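Please treat every number below as a calculation from the coordinates, not as lab data. Source: prediction; values computed, not measured. Glycine also receives a Cβ, built like all others from the backbone with ideal geometry; neighbour counts cover every protein chain displayed.
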């Protein structure tokens with residue numbers, strides 16, 4: 001009887017800890033994926049808006065509406081523009097988000113037009129300047145980057 005009680009005292013806390021840790025990892029992963037999807041959606045909506053003929057050339061800034069952190073951990077995002085073999089089909093922007101503290105990552109892919117370019121930049125969630133910027137040129141080229 002005593003060995004069974006001893007094992008229960010050791011095994012139960014360990015199993016409970018593993019289960020809670022797994023649940024927290026899953027919750028963080030889902031939260032980061034939701035943020036990635038929201039960021040992608042925001043960029044796509046910004047693309048549709050800035051592409052309108054009525055919008056004059058210049059720089060448009062969309063301040064971040066994303067959380068500053070997930071589980072008190074800030075995250076970063078980078079983008080990579082993917083140009084397909086047939087460039088007339090548009091371009092895809094691959095967004096990669098990372099929470100360094102927990103080694104959690106998430107991605108989102110956004111379909112944009114053929115007139116899009118991407119400038120290498122990093123989005124830092126806890127930065128007071130966290131934003132998405134689009135520079136529209138007179139030839140209707142759109143240069144996206146993080147501010």
TODO: May I ask you to derive the relative contact order of the chain, considering only C-alpha pairs under 8 Å and at least 6 residues apart, and to give it as an integer percent?
DONE: 25
Task: Highest-fluctuation residue, 13, 84, 74 considered, GNM on the chain with Cα pairs under 10 Å - done: 13
Task: For 27, 103, 124, order by how many other beta-carbon atoms lie within 10 Å, fewest first - done: 103, 27, 124
TODO: Treat each spin label as a single point 7 Å out from the Cα along the C-beta direction, and report the residue 119 to residue 6 distance in nm.
DONE: 6.8
Task: Point-to-point label distance, residue 60-residue 76, nm (Cα→Cβ direction, 7 Å offset) - done: 2.8
TODO: Could you check which residue among 113, 40, 58 shows the biggest mean-square fluctuation in a GNM of the chain with a 10 Å Cα cutoff?
DONE: 58
Task: Residues 12, 144, sorted so that the one with the fewest Cβ neighbours within 10 Å comes first - done: 12, 144
TODO: Note down, for segment 2-146, the three equivalent ellipsoid semi-axes (square root of 5 times each alpha carbon gyration tensor eigenvalue), biggest first, whole angstrom.
DONE: 43, 15, 10
Task: At R0 = 30 Å, FRET efficiency that the Cβ-Cβ distance of residue 102 and residue 137 yields, to 0.05 - done: 0.15
Task: Degrees, to the nearest 10: 2-50 long Cα axis against longest axis of the chain - done: 10
Task: Residue with peak Gaussian network fluctuation, the chain [Cα springs, cutoff 10 Å], from 96, 64, 26 - done: 26
Open item on the list: Can you compute the modelled spin-label distance between residue 42 and residue 69, with each label point 7 Å from Cα toward Cβ, in nm?
Closed with: 1.9
Open item on the list: With both bridge residues required to lie in the chain, what share of the DSSP beta bridges run antiparallel, to the nearest 5%?
Closed with: 90
Open item on the list: For a bin width of 5 Å, list the pair-distance distribution of segment 29-68 built from all Cα-Cα distances, rounded to whole %.
Closed with: 5, 20, 26, 20, 13, 9, 5, 2
